[in-house]
Amino acid sequence: MRLLTSFLVPALMSAGALAAPAGVVDRFEIVATQDAYNGATPVGAAGPYVVITAIVHGRLDPAHPDNADIVDLPLAPRDADGWVRYSTDAAVLRPKLPRDARRILFYDVVNRGGRLGQGVFIGGGALTDGAAPGAHFPSLLRRGYTVVWSGWQGDVEQTGRGATAALGTRFPIATAADGKPLTGMSREEFIPDQAGGGTTLTLNHRPASMTDRSEVQFTARAAWRNADGLADYASTPSAPVTDWQYVTQPNGTVAVRFTPPAALPVAGGGTVAPDAGTIYSFVYRAAEPRVAAIGFAAVRDLLHFLKSSNTDAQGQPNPLNDMKAAPCAVGGDCPADPATNFDAVLGEGTSQSGRFLRDFLYLGFNKATDGKPVFDGLLAVIPGGRRTWTAVRFAQQGRWSRQHEDHFMQGDQFPFSYASFTDPVSGRHDGLLKRCQADSTCPKVMQIDGSFEWWGGRGSLNVTDGAGRDVPLPANVRYYFVPGTQHGGGGGVMTGLVKPPDSGSTCRFANSPVTMTPIERALAVALEHWVVHGTPPPASAHPKVADGSATQPVPVPLAGTGRVSALFVTDHVDGIPRVQLSKPYRQLVAAVDADGNETAGIATPEVAVPLATYLGWNLRGAGHAEGEGCSAAGAAIPFAVDAATKAPGDPRAPLSERYAGRADYLAKFHAATQALVRQGLLLPLDAEHIYRANAGKVSPLLLPNR
């Protein structure tokens, strides 16, 4: 299509942008525009919202240096101009009238196609016909934001219904220069209790042959531990899986149906029977890799278009052009004729989506077509020290490494920190911000992790080096740690009654109920103030080596010691992880008090005024690879009610010695809550309707009403 050269490039040059853009939004196809929340106005918002459902048709220059890290882009099919085409789902939630908006765009990175941030930062029900955010929820819509979601994950199918369904993509398949399919070795992993049970492993990629089994390595093992207790792939005892076959599933994907081996060897000798926690590893020759890293460029180019372009490459108007008439982000002294639709673009991603943002920065995608930053501020929530398995051939973007599950999957090698330094383990010099520092496109960054991210997600390597020494963070970065939390936090302590897991449960202990989302909402507001007004946010708060709050694991009363997800310098060759056991990373966890509760970071009222010991780790139970780390779970070990009910060997003081009844507990809990409000780490609405409301539910069985 020649319209690119006849229309778009001159327009970019006249605006002072780069003469040769790395990518463009060729067509922003609006599928539907409808009132949000059945026309109801969110409480606290200046006016009603509308939802735009769209499909973004993009084009990328495979020769542009800004696209160099999109693996296999030069091997993707090209159009008549030599560019690569793709498309993604998108949804926009915007004020219906610009007068009711502020010129701030908030991009919520979708998680496996889902709008995970909607429940945390927006509230309410379904975008089109659900209830509008209510009086008790501090929704970002109260602040006049325009919220955007779009697909980025290459293996999530595009639907065209981004406002009501998963947001997916349609990315091209790379082929060899001679037109033949590309192949390469890939490794899949299957653990029954993480995959809904059964003995069928769905593959992320098609096998190069449905009949040739000569290169397949199919093994089963009880855990990732060799005779020396080290997490290794090559020397961990395993049994071959010999009874298996490929099957084509109704949706066209290929799976492996197998029979488990009769017994598994274990480190140190002996065997055990396979169970629901057994790790099955399947190495095979895969074919037809999708160009997965297009997802980074797709986000880059969509946000640049929505902020800075009046039309797409086809000449169709940007549906957010009227935001030029909206009140500016700072709230006063607004320019009469702004050059862009928004003054600030803020991004947020949780878990997988937070790892996406770390990769986005590291790979240099925060540089837009005009050379300016895409994001002005980023909030990465619970990514730990990891990135994603995206910018490689045969990517598996849904995978994430933990102590037991997916342990050797890619996405967790140096660099881990936003700071640049020479890694004492690998010898490499790098940092997540190295690229954006070189071209002055770094945003202001906040990252918040919980306790699980330090136990299971390399979290300590954000702020320490591989030798276990503190690493100062750049001035544009804040890092926060929330103690006692499992991955994503829990639903709140409330009654305080802890129900032990049922017999046969995956985890040994009850999950941790400690919440994180209220802290995340407060930090999102602090990020806006930092970006828009230059107001310094709360200082970083996390364990440190210097003061002893970052340390090695120690036993906890009635629970023992958790398992840190060990890490070594690892290469992935022919689908198999090659672990250099001589190059381990020293990982640390938060120090604990006599009760076993962690002492550093942002202590929520639930941890500051505890009813139990709250842990960021849990252990697998019987029948589930017993004793290994339990997925993304934390744990709660309740305090005894009084001295008479204490378990043998429990050194922790009972509740009767901690609180003089229910009123005393509530007073201390409220004081801890208000302290966070004063520090800007908790919003008043959440203090009242999350923490005060939950604490009021504490059971009289634990604390008498006096």
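Of Lys324/Lys372; Lys499/Lys544; Lys372/Lys434, which sit over 27 Å apart, Cα to Cα?
Cα-Cα > 27 Å for Lys499/Lys544; rest within.
Kindly provide the helix-only [θ] at 222 nm of the chain, computed as the sum of -39,500 (n - 2.57) over DSSP H runs of four or more divided by all residues, to the nearest 500 deg cm²/dmol? Before the final figure, lay out each step's value.
Working: 9 runs with 80 residues, N = 706.
Rounded to the nearest 500, it is -3000 deg cm²/dmol.
What distance in nm separates the two pseudo spin-label positions at Asn321 and Asp664, each 7 Å out from Cα along the beta-carbon direction?
Roughly 6.8 nm, to one decimal.
Using a 1.4 angstrom probe, figure out how much accessible area the chain has per residue, in square angstrom, rounded to the nearest whole.
36 Å²
Specify the inter-centroid distance of segment 441-512 and segment 539-575, based on alpha-carbon positions, in whole Å.
11 Å
Of all beta bridges DSSP finds with both residues in the chain, what is the antiparallel percent, to the nearest 5?
Bridges in the chain are about 75 percent antiparallel.
Quick one: if you stick a label point 7 Å off each Cα along the C-beta vector at Thr175 and Leu581, how many nm between them?
With each label point 7 Å from Cα toward Cβ, the separation is 4.6 nm.
Tell me which of Leu432, Pro472, Ser417 sits at the most positive position along the dipole axis of segment 354-498, charges placed on C-beta atoms (Lys, Arg +1; Asp, Glu -1).
Value: Leu432.
Rounded to the nearest 10 Å², what accessible area does Leu497 show when all protein chains are kept and the probe is 1.4 Å?
90 Å²
Could you give the size of the charge dipole of the chain about its Cα centre, using +1 on the Cβ of each K and R and -1 on the Cβ of each D and E, expressed in debye and rounded to the nearest 20?
520 debye
Between Ala195 and Gln679, what is the FRET efficiency for a Förster distance of 51 Å, r being their Cβ-Cβ separation, to the nearest 0.05? Walk me through the intermediate numbers first.
Details: r = 42 Å, r/R0 = 0.82.
That pair, Ala195 with Gln679, gives E of 0.75.
What is the spin-label model distance, in nm, from Arg112 to Asp79 if the labels are put 7 Å beyond Cα along the C-beta direction?
Between Arg112 and Asp79, the simple spin-label model gives 3.3 nm.
What FRET efficiency, computed as 1/(1 + (r/R0)^6) with R0 = 35 Å and r the Cβ-Cβ distance, is obtained for Leu701 and Thr159, rounded to the nearest 0.05?
0.15
With +1 on the Cβ of every Lys and Arg and -1 on the Cβ of every Asp and Glu, and nothing else charged, how large is the dipole of segment 463-563 about its Cα centre, in debye rounded to the nearest 20?
Computed charge dipole of segment 463-563: roughly 200 debye.
Evaluate E = 1/(1 + (r/R0)^6) for Ala227 and Arg257, where r is the Cβ-Cβ distance and R0 equals 35 Å; express this FRET efficiency to the nearest 0.05.
0.60
Note down the relative contact order for segment 215-359 as a percent, whole number, built from C-alpha pairs under 8 angstrom at least six residues apart.
18 percent
Quick check: residue separation of Glu215 and Ala32 times 0.36 nm, minus the Cα distance between them. What number comes out in nm?
61.0 nm
The values are calculated or read from the model by the stated rules, or taken from the named source; none is laboratory data. The shown structure was predicted, so the numbers you read here are calculated from the model rather than taken from an experiment. Glycine gets a Cβ as well: all are built from the backbone with ideal geometry, and neighbour counts include every protein chain shown. To get the accessible areas, we keep the full protein, side chains included, count just its heavy atoms, and leave off ligands, DNA and RNA. Shrake-Rupley method; radii C 1.70, N 1.55, O 1.52, S 1.80 Å.
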